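The values are calculated or read from the model by the stated rules, or taken from the named source; none is laboratory data. None of the values given here were measured: they were computed from a predicted structure. Every residue, glycine among them, receives a Cβ derived from its backbone with ideal geometry; neighbour counts consider all protein chains shown. Surface accessibility is based on the protein's heavy atoms, side chains included, excluding ligands, DNA and RNA. Shrake-Rupley method; radii C 1.70, N 1.55, O 1.52, S 1.80 Å.
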Amino acid sequence: MAGLKDKRGFIDKDRLDLSERQAVEYWMKRWGVTRDQIMAAHRKVGRMTKDIAAELGKKR
């Protein structure tokens, strides 16, 4: 999705920054999880989306 943008430009697909609300909402919708689940996985494994997806049991 090349058209996915936030206020600073394009959302990075490889890393998730929790301060970017639109990026978090995009992944929440895509994986079907809550913000709290994403934050817990982010704290546990880091900021790479593939690692967060694996922690949540989702395919990237």
Check: Pairs under 9 Å by beta carbon, first residue aliphatic (A, V, I, L, M) in segment 1-26, partner at pLDDT below 80 and open to solvent by 80 Å² or more (accessible area, probe 1.4 Å), six or more apart or different chains?
Finding: A2/F10; L4/F10; I11/M1; I11/K5
Notebook entry, point to check: Does segment 16-60 hold any residues that are part of a loop (DSSP other than H, G, I, E, B), open to solvent by less than 50 Å² (accessible area, probe 1.4 Å) and out of contact with any helix residue (DSSP H, G or I) (no Cβ under 7 Å at 6 or more places or on another chain), and which are they?
Noted result: E20, G46
